[in-house]
Amino acid sequence: MQQSASFQNEELVTTARKHFIVYISTALWHVFFGCVIFIFLVFLSEAHGAFWASVGEMISASFLLLLWTSFFYFWTNQYFDEWRVYETHMTAIDQKDILFRDESFLSFSKIQDVKFEKAGVLQNIFGYGTITIENAGTEQQFVIPYVADVEDVTNAILMQKQVLQVKEGI
């Protein structure tokens, strides 16, 4: 990833990623469906004889391969989402597909409001949530979902915005 010449000397303040619970929930769904396929295979081999057991094994192997591919796709799509806070701006890297990433840029001088939300018991227990940044640009809201340590990341963004305002004398 190339930064423009005006931002090359900027120091990275913090990096944020999605909370691990997001990966665990995806993994649990895939394990659940894998168990359903395994139970189907056992039922088919016990109840309908050797021929249907072989057919069931082939079908189950195909579904498990599809399940593994699906897990890899969802894990890659979620894991490579990243938010970077620099001294004067932040970038959001959103993994759209296996080979396609979307990168957004937001200058701290355009930020009007930063707030975070922890909705639900799990988000409060594990400390993750959604950060919403309202800005003065064309895109009115910059939403960052499932951020680990949501309060620390929000405070880092607000602190960098205040430091920039002090430097610029605003």
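The values are calculated or read from the model by the stated rules, or taken from the named source; none is laboratory data. All values derive from a computational prediction rather than experimental measurement. When we count neighbours, we look across all protein chains shown, and the Cβ atoms used for this are built from the backbone with ideal geometry, even at glycine. Protein only, heavy atoms only, side chains kept; ligands, DNA and RNA dropped before computing areas. Shrake-Rupley method; radii C 1.70, N 1.55, O 1.52, S 1.80 Å.
When you look at F116, is it open to solvent by 60 Å² or more (accessible area, probe 1.4 Å), part of a strand (DSSP E or B) and among the hydrophobic types (A, V, I, L, M, F, W, C), yes or no?
Details: open to solvent by 60 Å² or more (accessible area, probe 1.4 Å): yes; part of a strand (DSSP E or B): yes; among the hydrophobic types (A, V, I, L, M, F, W, C): yes.
So F116 passes the test.
Mind checking which residues of the stretch 49-63 are open to solvent by 80 Å² or more (accessible area, probe 1.4 Å) and in contact with a helix residue (DSSP H, G or I) (Cβ under 8 Å, 6 or more places away or on another chain)?
Within the stretch 49-63, W52, E57, F63 qualify.
Considering D102, D81, D94, which residue is surrounded by 16 or more Cβ atoms within 10 Å (Cβ to Cβ) and among the charged types (D, E, K, R)?
Values: D102 fails: surrounded by 16 or more Cβ atoms within 10 Å (Cβ to Cβ); D94 fails: surrounded by 16 or more Cβ atoms within 10 Å (Cβ to Cβ).
Of D102, D81, D94, the one residue that is surrounded by 16 or more Cβ atoms within 10 Å (Cβ to Cβ) and among the charged types (D, E, K, R) is D81.
Just wondering, is there one or more residues in the stretch 84-91 that are without any contact (Cβ under 8 Å) to a residue 40 or more places away in the chain, surrounded by 12 or more Cβ atoms within 10 Å (Cβ to Cβ) and either over 22 Å from V31 (Cα atoms) or of a type in the set (D, E) (or both)?
Going through the stretch 84-91, the residues without any contact (Cβ under 8 Å) to a residue 40 or more places away in the chain turn out to be 91.
Right, trim to surrounded by 12 or more Cβ atoms within 10 Å (Cβ to Cβ) and you get 91.
Add one more test, that the residue is either over 22 Å from V31 (Cα atoms) or of a type in the set (D, E) (or both), and what stays is 91.
Yes, the conditions are met somewhere in the stretch 84-91.
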